[in-house]
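Please read the structure below before turning to the comments.
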Amino acid sequence: MGRRAKRSRQKPVSVDDANLSDLMRKGRRWAGDNAHLRGEVGTPDARNARDWMAQTLKVQTREGALSPLVYNRCQIRLDDVYEKAKNAGNPVRIVVLKPRQTGVSTWTMGRMFMRSIRNPNQHCLTLTHDGDSSNWLFSIARLFYDFMPEDEQPQEDYNNRKELIFSAPH
């Protein structure tokens, strides 16, 4: 009888694992003292995603005005954790004990929205503890779609209160 192969269990990446010295050791670009605050830390894929979101997606500010989705400090750190897990070949599973009003929900909706319109046959689900919160998060995705440049908007098949479905291929 042979020995049974030990299954390796991949450690999930947490926000605590994403410190700057670790990011630098992994070959990520470092551009100075506060580069992580300016969004200059990360892989080319992360920079492309951040640049695309800033150029394409709009968010509503607390004052009610529309503004480009430019990452804040928390979103930059979360994005670095996401890219670290993705580049390591691990499934991306991030659990955030989230404080209020830091942009975690907006970052999540932006990433899901970007993935769904850039890749055919993608399904994204927003699930919260109650219907009002789910509706509010879905309104962020609807805002992204409604105010993105027309030449980048995928054609929609359905756009109603509960779903946004794009025509294939998009």
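The values are calculated or read from the model by the stated rules, or taken from the named source; none is laboratory data. The model shown is predicted, which means the values in this text are computed figures rather than measured ones. No Cβ is skipped: glycine too gets one built from the backbone with ideal geometry, and neighbour counts run over all protein chains shown. Please note that ligands, DNA and RNA were not included when accessible areas were found on the heavy atoms of the full protein model with its side chains. Shrake-Rupley method; radii C 1.70, N 1.55, O 1.52, S 1.80 Å.
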> Considering the range 115-144 alone, what residues qualify as being surrounded by fewer than 17 Cβ atoms within 10 Å (Cβ to Cβ) and within 17 Å of A54 (Cβ to Cβ)?
Replying inline: R115, R118
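Would you mention how many residues in the range 108-162 are in a loop (DSSP other than H, G, I, E, B) and of a type in the set (F, W, Y)?
Initial filter on the range 108-162 (in a loop (DSSP other than H, G, I, E, B)): 119-130, 147-149, 153-155, 160-162.
Subsequent filtering for residues that are of a type in the set (F, W, Y) retains 147.
Matching residues across the range 108-162 total 1.
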> Quick one: is D33 open to solvent by 80 Å² or more (accessible area, probe 1.4 Å) and either more than 16 Å from the chain's Cα centre (by Cα) or at pLDDT 85 or above (or both)?
Replying inline: yes
> Of all residues in the range 76-106 being assigned to a loop (DSSP other than H, G, I, E, B) and of a type in the set (S, T, N, Q), which is most open to solvent (accessible area, probe 1.4 Å)?
Replying inline: Q101
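When the range 57-71 is examined, which residues are found to be within 25 Å of Q153 (Cα to Cα) and either aromatic (F, W, Y) or part of a loop (DSSP other than H, G, I, E, B) (or both)?
Filtering the range 57-71 for residues within 25 Å of Q153 (Cα to Cα) gives 57-61, 64-71.
Across the range 57-71, the qualifying residues are L57, T61, G64, A65, L69, V70, Y71.
Pick out the one residue from A54, A46 that is under 15 Å from the mean Cα position of the chain (by Cα) and either modelled with pLDDT of 75 or more or assigned to a strand (DSSP E or B) (or both). Full working, then the answer.
Working: A46 fails: either modelled with pLDDT of 75 or more or assigned to a strand (DSSP E or B) (or both).
Just a single option satisfies the conditions, and that option is A54.
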